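The values are calculated or read from the model by the stated rules, or taken from the named source; none is laboratory data. In this text the structure is predicted, and so the values were computed from the model without any measurement. We place every Cβ from the backbone using ideal geometry, glycine too, and count neighbours over all the protein chains shown. SASA here: full protein model, heavy atoms, side chains in, ligands and nucleic acids out. Shrake-Rupley method; radii C 1.70, N 1.55, O 1.52, S 1.80 Å.
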Amino acid sequence: MAAAQGAGSSSAGPSGLPSSAPGHSNSPAVAVWEWQDEFGRWRPYRGNVCSYIEQVFQESQQKGRRLGPGPGNSIPLGHADAVLAPYVIDIPSLTQFRQDTGTMRSVRRHLFPQDSAAGQGVVWEWQNDEGGWSPYEMNVCVFLEQAHATNHQRVDLGPLGYNYEVDFVAQVQTNKTTKFRRNVQRRLDVPYPMTAASGPVHAGMVCSCQQCWFNSGTRPITMRYRHSMINFPNSSAAHQVSSRTTSVSASGLGFVPYNKPALYGARSTTRLNAQSTWALPQAGGAGGPSTGLSASNGVSTPNLPIKMPKPSKVNQALAATPTEPEAVVRRYLEELKGVPADEDCMICMEKLASPSGYGDTCECSTIKPEMVGRLTNCQHCFHMLCVLAMYCNGNKDGSLQCPSCKTIYGEKTGTQPKGKMEVSTFPQSLPGHKDCGTIQIVYHISRGIQGPEHPNPGMPYTARGFPRYCYLPDNEKGRKVLELLKVAWRRRLIFTVGTSSTTGESNTVVWNEIHHKTEMDTNLSGHGYPDPNYLDNVLAELAAQGVTEDCLRP
């Protein structure tokens, strides 16, 4: 359970914090509607929008309309907020549809006690990479508000599936692994709508009710977009619900089992594209700082459609490291004959002694649902068919990442669009680094068309705020970070195509998981200097993506 630090103790227990089970009550509760972004996070609609959604939803229920296709079961969000004019919620499928782009998002409805944060209109938010504020999912808001109301100084979000600790005194969220800090804030908004509907009422913790099962539960996908199987317009709309819920691994990282639509959806289109390449060094322009290096990358890495019973000879010929799904699984996992009786597969959440939960959606001629494998380095065990399903819904780049400890096998690549990275230096010092000059990195990415590795293949994506300027101290550690950032750029890990946390815009280029300093000073926003921990933090983030000093050795 949550390890909380009270005002008068150094290590208080979870006294006064929400329990892990929802209550069932016929008394009035408040309804909160949330949508799921491409990283698996649930983001609550604002109180006034939820009021409108709930009103239309209740009218539909009261009139006894049969849930099925039809205009009576659609909720145009523009009626509640003009900014949301492009969005419509389809009640039967619990899907948000954006009419101008075709983007589809899962939505859900949770009930919370009337005296909870939701009923009071309290929203807790974290500061995103673009300087804006993003709300926590509502069960986290409820959890944080109750801890705040009971005078806890600090609370661990591990039991809710997040690898973070929130300090109420400093008003910061800290990643327990990388120690990266973000500002948090408590904001008052319109209270969420009351409803007389009976059902499970959530106290803020993850539970095993049907609401939390829907669309893979409430926890964040810690591997984020890389292996997400959601939000694809051509994917199966009938999400299957596992009989088991999420868990927290021994390392404290939460993990959500993957949804189980058919594996041959929107991503089964041809993926034969140019490889990423570095450009030759270029001279700096007149009047500007001297340019030391310029780099560009391609639109996507070589990848081919998958037909599991018949390995692709073309794909084998293109790559020195096998990227054919079955070959990758067998490369990094050794099959076990004696299966642990009580151990779960962290991917499908079924017992390893039982067949894989993906047996009905992932067919393979040589890997059977009952086969169990152990990863060769970290020794974690999974159904081999589950690992195959996970791999087939990522980049299929020949790499695997352990869902439990995040160990990377092979060379991980991302989905960064084509662009250019420029590096230069100048003598001015950064605050906190008075003994050296400054390294300036400029990233150039232009708008384009999404490839098959992106959320909506074939659709345009925008690139707001480019060129983006970033800064490092020109000392030994700063130059080391620079060289590793070049590797991350080449591997397409610095940016991705997704939804902006600041503007909510979909199909746009956003930062991925490697933080940059975009200001030289005034670190009130967290994006500038001085910051004595930044270089160590970014090195840890790079290592989490498989970018380490080993990558720099010849």
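Brief remarks on what is shown
- Extended-chain gain in nm, criterion 0.36 nm per residue less alpha-carbon gap, GLN185 and ASP81: 35.1 nm
- Sorted peptide list for 475-488, 145-158, 393-406, criterion being average Cβ within 10 angstrom, highest first: 393-406, 145-158, 475-488
- Fraction of the pair-distance distribution of segment 71-190 above 25 Å, Cα-Cα pairs, percent: 37
- Using only the C-alpha atoms, the convex hull of segment 331-449 corresponds to 185 Å³ per residue.
- Out-of-range pairs (alpha-carbon distance over 20 Å; input LYS418/LYS517; LYS434/LYS486; LYS420/LYS486; LYS420/LYS517; LYS176/LYS486): LYS418/LYS517; LYS434/LYS486; LYS176/LYS486
- Most tightly packed first, judged by the mean number of other beta-carbon atoms within 10 Å of their residues, the peptides 462-470, 407-415 read 407-415, 462-470.
- Spin-label model distance (nm) - GLN55 vs SER446, 7 Å beyond Cα toward Cβ: 4.7
- Taking all protein chains as they are arranged and a probe of 1.4 Å, the heavy atoms of ASP550 leave approximately 100 Å² accessible to solvent.
- Amide H partners (placed H, <5 Å) of LYS412, local residues excluded: none
- For segment 98-151 versus segment 386-463, the gap between their alpha-carbon centres in whole angstrom: 28
- If R0 is taken as 22 Å, the Cβ-Cβ distance between GLN379 and GLU549 corresponds to a FRET efficiency of 0.35.
- Kirkwood radius for segment 400-516, taken over all pairs of different Cα atoms as the inverse mean of 1/r, rounds to 15.8 Å.
- Efficiency of FRET between SER74 and ASN475 - r from beta-carbon atoms, R0 56 angstrom, step 0.05: 0.45
- Estimated distance in nm for a label pair at ARG464 and CYS405, the labels positioned 7 Å out from Cα along Cα-to-Cβ: 4.1
- LYS418, LYS176, LYS337, reordered so the largest accessible area comes first (probe 1.4 Å): LYS337, LYS418, LYS176
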